[in-house]
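Asker: There's a structure below that I have some questions on.
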Amino acid sequence: MIRNRAFLADVPAHNPRPKRMADPRYLAWVRQLPCVLCLRQPGMGHQNEAHHLLRGVVRGMGMKAGDDEVIPLCDGDHRALHMDGNETEFLAKRGIDCAVSLAAMIRTAYLMGDIGRARAAVINARAR
């Protein structure tokens, strides 16, 4: 038996899903960065892709990561990652230990308008 009905009145009937950040301009900006795995630069008929992290910060069942939780990958590495299926292990084997932190550094550089800082974050992520 529930004794404190006043407490239940304060609890919402359902928890709304967190809003997913969507920003096509940011995704286009991330695609200008080198691939975090092979450092391949976009250009010469080649375009990098913005990989939405599978293990992002704010997620729920069946929710895709927000556009602020992306890292740049070339098309070949992006396909290989999805075929592997284990994002964390796949990136760790290739020297990327914390993709969420890298995504946050890239986002901060974007907000500062500093693509050079974002490129440095990508290159330094591989150097560790």
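The values are calculated or read from the model by the stated rules, or taken from the named source; none is laboratory data. What you are looking at is a predicted structure, and each value in this text was computed from that prediction instead of being measured. Reconstructed Cβ throughout: ideal geometry from the backbone, glycine too, with neighbour counts over all protein chains shown.
Asker: Condition test on A92, is it at pLDDT 90 or above and either more than 17 Å from A121 (Cα to Cα) or not in a loop (DSSP other than H, G, I, E, B) (or both)? Before the answer, list the steps.
Answerer: Numbers: at pLDDT 90 or above: yes; either more than 17 Å from A121 (Cα to Cα) or not in a loop (DSSP other than H, G, I, E, B) (or both): yes.
Judged against the criteria, A92 is a match.
Asker: Something else now. Please go through (1) at pLDDT 75 or above; (2) surrounded by 17 or more Cβ atoms within 10 Å (Cβ to Cβ); (3) assigned to a loop (DSSP other than H, G, I, E, B) for C38 and return the number of the only condition it doesn't satisfy.
Answerer: For C38, the failing item is (2).
Asker: Of the residues that make up the range 57-75, is at least one surrounded by fewer than 14 Cβ atoms within 10 Å (Cβ to Cβ), part of a helix (DSSP H, G or I) and either acidic (D, E) or at pLDDT 90 or above (or both)?
Answerer: Yes - at least one qualifying residue is present in the range 57-75.
Asker: Within the range 20-35, track down each residue that is assigned to a loop (DSSP other than H, G, I, E, B), among the charged types (D, E, K, R) and closer than 15 Å to D114 by Cα. Walk me through how you get there before you give the answer.
Answerer: If we filter the range 20-35 for residues that are assigned to a loop (DSSP other than H, G, I, E, B), which is where we start, we get 20-23, 31-35.
Of the ones still in play, those that are also among the charged types (D, E, K, R) are 20, 23, 31.
If the condition is that a residue be assigned to a loop (DSSP other than H, G, I, E, B), among the charged types (D, E, K, R) and closer than 15 Å to D114 by Cα, then R31 is the only one that fits.
Asker: Continuing with the same structure: With the requirement that a residue be modelled with pLDDT of 90 or more and among the aromatic types (F, W, Y), what does the range 1-35 give you? First the steps, then the outcome.
Answerer: Step one: filter the range 1-35 for residues modelled with pLDDT of 90 or more, giving 24-35.
Passing the criteria: Y26, W29.
Asker: Under the condition of being touching a strand residue (DSSP E or B) at 6+ places or on another chain (Cβ under 8 Å) and small (G, A, S), which residue from the range 67-115 is farthest from L37 (Cα to Cα)?
Answerer: Within the range 67-115, the match that is farthest from L37 (Cα to Cα) is A103.
Asker: Mind telling me which of the residues L102, L54 ends up being modelled with pLDDT of 90 or more and surrounded by 14 or more Cβ atoms within 10 Å (Cβ to Cβ)? Before you say what the answer is, go through the steps one by one.
Answerer: Details: L54 fails: modelled with pLDDT of 90 or more.
Answer to the selection: L102.
Asker: Just to be sure before I move on: is A22 aliphatic (A, V, I, L, M) and without any contact (Cβ under 8 Å) to a residue 24 or more places away in the chain in the structure I sent?
Answerer: Details: aliphatic (A, V, I, L, M): yes; without any contact (Cβ under 8 Å) to a residue 24 or more places away in the chain: no.
So A22 fails the test.
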